[in-house]
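Engineer: First the structure, which I've put down as structure tokens, then a few questions once you've had a look.
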Amino acid sequence: MENDILLKAVPLRHSVRSYTDCPLSPQAKEAMQKFIDRCNSESGLNMQLVLDEPEAFSGRMAHYGKFSGVRNYIALVGPKGKGLDEKCGYYGEKAVLYAQSLGLNSCWVGLTFSKVRTAFTVRPGEKLCLVIALGYGQTKGSGHKIKTREQVCETVANAPEWFLKGLDAALLAPTAMNQQKFTFSLEAGERVKAKASLGFFSKVDLGIVKCHFELAAGVGNFRWA
């Protein structure tokens, strides 16, 4: 049921950088916190919902990134290690899609924010990966140019329907600078390989696109290579 909710949010969700001053509703706060807690329990991450904190998006970096009115965000924190970026991308995108289902808007933010250390906790052995701006947008955002199936996958011909659905959802995923530096391939009928090219936050992007692919393809139809 929850996967269906997240999947429905995939085509509706677009990046939003300007927000109203309307605080999150009590219902939205509670629902987001519970969802983040479940993600943390499942993943071992330490994602944190930061509310009514305007300092992270009040400096020059935020101005450069064209952000305005951001007072809420999710801090993606987790244990240092090789898989942290991809895991933050995967579970962070789940939180993004869930937020969309609650009527909230969002935007992934890698560099154009200030780290306010008192706003969230980074335990020994952990690091802040990036943040996700959250709130009620002044607009709902708009779509961006996306690649074709063939540009990200050489095994499209005669691929099963579940694979094509997963690929289409992956192509709707947000990526750093909308570069979509990822590729998919189908091996031995049910083994799917997803690979990230070099680039800023490419491993985070990989986690995001794998989240989208899983939701649309259905985890029972394949396994990751």
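The values are calculated or read from the model by the stated rules, or taken from the named source; none is laboratory data. Source: prediction; values computed, not measured. Here the Cβ is made from the backbone with ideal geometry for all residues, glycine too, and neighbour counts use every protein chain on show. These area figures cover heavy atoms from the full protein model, side chains too; ligands, DNA and RNA do not enter into them. Shrake-Rupley method; radii C 1.70, N 1.55, O 1.52, S 1.80 Å.
Engineer: With the other protein chains left in place, how much accessible area per residue, in square angstrom, belongs to segment 69-185 at a 1.4 angstrom probe?
Structural biologist: Working: 5400 Å² over 117 residues.
Ligands and nucleic acids excluded, the result is 46 Å² per residue.
Engineer: Set the bar at 20 Å for Cα to Cα. Now go through K87/K165; K94/K203; K29/K115; K8/K87; K82/K210 and name every pair that lies beyond it. Present the calculation step by step, with values, prior to reporting the outcome.
Structural biologist: Working: K87/K165 22 Å; K94/K203 16 Å; K29/K115 22 Å; K8/K87 22 Å; K82/K210 17 Å.
Cα-Cα > 20 Å for K87/K165; K29/K115; K8/K87; rest within.
Engineer: So, one more: Let me test this: with uniform point scatterers at the alpha carbons of segment 128-223, what is the Debye-based log₁₀ I(q)/I(0) at q = 0.12, 0.24 1/Å?
Structural biologist: Summing over Cα pairs of segment 128-223 leads to -0.40, -1.30.
Engineer: Let me ask another. Round to a whole number: what % of the accessible area of the chain belongs to carbon and sulfur, probe 1.4 Å?
Structural biologist: Details: 5920 of 11440 Å².
C and S fraction of accessible area: 52 percent.
Engineer: Can you give me the long-range amide H partners of L130? Hydrogens built in the peptide plane at 1.01 Å from N, cutoff under 5 Å, separation of 5 or more residues or another chain.
Structural biologist: L76
Engineer: Can you check what the Kirkwood hydrodynamic radius comes to for the chain, Cα pairs only, in Å to one decimal? Spell out each step's value before the answer.
Structural biologist: On the way: mean 1/r = 0.0562 Å⁻¹.
Radius from the Kirkwood sum: 17.8 Å.
Engineer: As an exercise, identify the GluC sites (Glu not before Pro) in segment 156-204 lying in DSSP coil whose Cβ has no more than 16 other Cβ atoms within 10 Å. Kindly include the intermediate steps, with their values, before the conclusion.
Structural biologist: On the way: sites: E161, E187, E190; in loops: E190.
Passing sites in segment 156-204 are E190.
Engineer: Using only DSSP helix segments of four residues or longer, with each worth -39500 (n - 2.57), what per-residue ellipticity at 222 nm results for the chain after dividing by its residue count and rounding to 500?
Structural biologist: On the way: 7 runs with 80 residues, N = 225.
My calculation for the chain gives -11000 deg cm²/dmol from helical runs alone.
Engineer: Between H63 and Q27, what length comes free when the chain is fully extended (0.36 nm per residue of separation minus the Cα-Cα distance, one decimal in nm)? Kindly include the intermediate steps, with their values, before the conclusion.
Structural biologist: On the way: separation 36, 0.36 × 36 = 12.96 nm, distance 3.04 nm.
Stretched out fully, the H63 to Q27 stretch lengthens by 9.9 nm.
Engineer: In whole Hz and in residue order, list the ³J(HN,Hα) couplings for segment 126-134 that follow from phi through the Karplus curve 6.51 cos²θ - 1.76 cosθ + 1.60, θ = phi - 60°; x for Gly and Pro.
Structural biologist: For segment 126-134, the Karplus-derived couplings read 10, 8, 7, 7, 5, 10, 10, 5, 9 Hz, x marking Gly and Pro.
Engineer: If you take every DSSP beta bridge whose two residues both sit in the chain, what share of them, in percent to the nearest 5, is antiparallel? List each step's numbers first, then the result.
Structural biologist: On the way: 23 of 28 bridges.
Percentage antiparallel, nearest 5: 80.
Engineer: Another question, then. Once amide H atoms are built 1.01 Å from N in the peptide plane, which residues 5 or more positions from V192, or in another chain, come under 5 Å H to H?
Structural biologist: Here the answer is E187, R223, W224, A225, since their amide H atoms fall under 5 Å of that of V192.
Engineer: For N46, which sequence-distant residues (separation of 5 or more, or a different chain) have an amide H within less than 5 Å of its own amide H, given hydrogens modelled in the peptide plane?
Structural biologist: The answer is V77, G78.
Engineer: Follow-up question, since we're still on this one. With a 4.7 Å Cβ cut-off, tell me which Cys residues in the chain come up empty for a partner.
Structural biologist: C22, C39, C107, C153, C211
Engineer: Per-residue HN-Hα couplings for segment 209-223, Karplus 6.51 cos²θ - 1.76 cosθ + 1.60 at θ = phi - 60°, whole Hz, x for Gly and Pro?
Structural biologist: 5, 5, 4, 4, 4, 4, 4, 7, 7, x, 5, x, 8, 7, 9
Engineer: If we sort 51-61, 90-100, 8-18 on the protection proxy, mean other Cβ atoms within 10 Å, highest first, what's the order? Intermediate results must be reported in sequence, preceding the final value.
Structural biologist: On the way: 51-61: 15.5, 90-100: 24.0, 8-18: 17.6.
Ranking, from highest mean packing down: 90-100, 8-18, 51-61.
Engineer: A further question on this structure: Can you sort V50, V219 by 1.4 Å-probe accessible area, starting with the largest? Write out the running numbers ahead of the final one.
Structural biologist: On the way: V50 10, V219 95 Å².
The residues order as V219, V50, largest area first.
Engineer: Starting from the coordinates of the alpha-carbon atoms of segment 75-155, obtain the Kirkwood hydrodynamic radius over all distinct pairs and give the value in Å to one decimal. Provide the component values of the computation, followed by the final result.
Structural biologist: On the way: mean 1/r = 0.0671 Å⁻¹.
After inverting the mean inverse Cα-Cα distance, the result is 14.9 Å.
Engineer: Would you kindly derive the ³J(HN,Hα) couplings of segment 73-85 from the backbone phi angles with the Karplus curve 6.51 cos²θ - 1.76 cosθ + 1.60 (θ = phi - 60°), listing them in order in whole Hz, with x for Gly and Pro?
Structural biologist: Rounded to whole hertz, the list is 7, 9, 8, 8, 10, x, x, 4, x, 4, x, 4, 4.
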